[in-house]
1. If you scan the range 109-127, which residues turn out to be more than 14 Å from residue 47 (Cβ to Cβ) and of a type in the set (Val, Ile, Thr)?
2. Given the conditions (1) in contact with an Asp or Glu (Cβ under 6 Å, 6 or more places away or on another chain); (2) at pLDDT 90 or above; (3) not acidic (Asp, Glu), which single one is not true for residue 41?
3. Collect the residues in the range 108-127 that are modelled with pLDDT under 95 and in contact with a Pro (Cβ under 7 Å, 6 or more places away or on another chain), keeping them in residue-number order.
4. Does residue 105 meet the test of being touching a residue at least 12 places away in the same chain (Cβ under 8 Å), buried (at least 17 other Cβ atoms within 10 Å of the Cβ), closer than 20 Å to residue 127 by Cα and in contact with a helix residue (DSSP H, G or I) (Cβ under 9 Å, 6 or more places away or on another chain)?
5. Might you let me know whether the range 58-73 holds any residue that is over 13 Å from the mean Cα position of the chain (by Cα), within 22 Å of residue 11 (Cα to Cα), surrounded by fewer than 16 Cβ atoms within 10 Å (Cβ to Cβ) and of a type outside the set (Asp, Glu)?
6. Would you please list the contacts, defined by Cβ atoms under 9 Å and residues six or more apart or on different chains, that run from a residue in the range 41-61 that is closer than 21 Å to residue 108 by Cβ and touching a residue at least 24 places away in the same chain (Cβ under 8 Å) to a residue that is β-branched (Val, Ile, Thr) and assigned to a loop (DSSP other than H, G, I, E, B)?
7. Is it the case, given these coordinates, that residue 35 is of a type in the set (A, V, I, L, M, F, W, C), touching a strand residue (DSSP E or B) at 6+ places or on another chain (Cβ under 9 Å) and surrounded by fewer than 17 Cβ atoms within 10 Å (Cβ to Cβ)?
8. Could you check the range 17-34 and list, in sequence order, the residues that are more than 13 Å from residue 117 (Cβ to Cβ) and either modelled with pLDDT under 95 or assigned to a helix (DSSP H, G or I) (or both)?
Amino acid sequence: MLIGTSLDAQSVGEQLFESNCASCHGVTGRGDGPLAKGLRTAPADLTQIAARRDGVWPMLEVMSILDGYLKKTNPRNDMPVFDDFLVGRMVDFETGNGLTTLVPAKLIAMANYLETLQDPPPSRYVP
């Protein structure tokens, strides 16, 4: 079982969100955190990730943003990379093409927690 499929995993993802993201994105993920007004670029409304993609939850894209992979090809100074998501227990993640790859359990927990914030909930999922 992946860490992201249990209630405990949701609490891990929620704790990671609260300690790393809520100060800018707000506790509900709408981009209204206490530090948001002082930023040059407004924090994204994380509740609309799937809505901006026609109801699709883009798991790998979200994980790539969280782990900083996309930052390497699309440099951004407005959002830090959180190394804490990349350490600890590794778990198998199904990539959607019949293969699995080892990824940090915290990264999956965080991405799965963000999925729970979607309004409206995603209608489809792509790894």
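1. Passing the criteria: only 126.
2. (2) is the only condition that residue 41 fails.
3. Result: 126, single match.
4. Yes: the conditions hold for residue 105.
5. No, that holds for no residue.
6. Matching pairs, first to second residue: 46/28; 47/28; 57/49; 58/49; 60/95.
7. For residue 35, the condition - of a type in the set (A, V, I, L, M, F, W, C), touching a strand residue (DSSP E or B) at 6+ places or on another chain (Cβ under 9 Å) and surrounded by fewer than 17 Cβ atoms within 10 Å (Cβ to Cβ) - is not met.
8. 19, 20, 23, 24
The values are calculated or read from the model by the stated rules, or taken from the named source; none is laboratory data. On a predicted model such as this, the values are computed, not experimentally measured, just so you know. Every residue, glycine among them, receives a Cβ derived from its backbone with ideal geometry; neighbour counts consider all protein chains shown.
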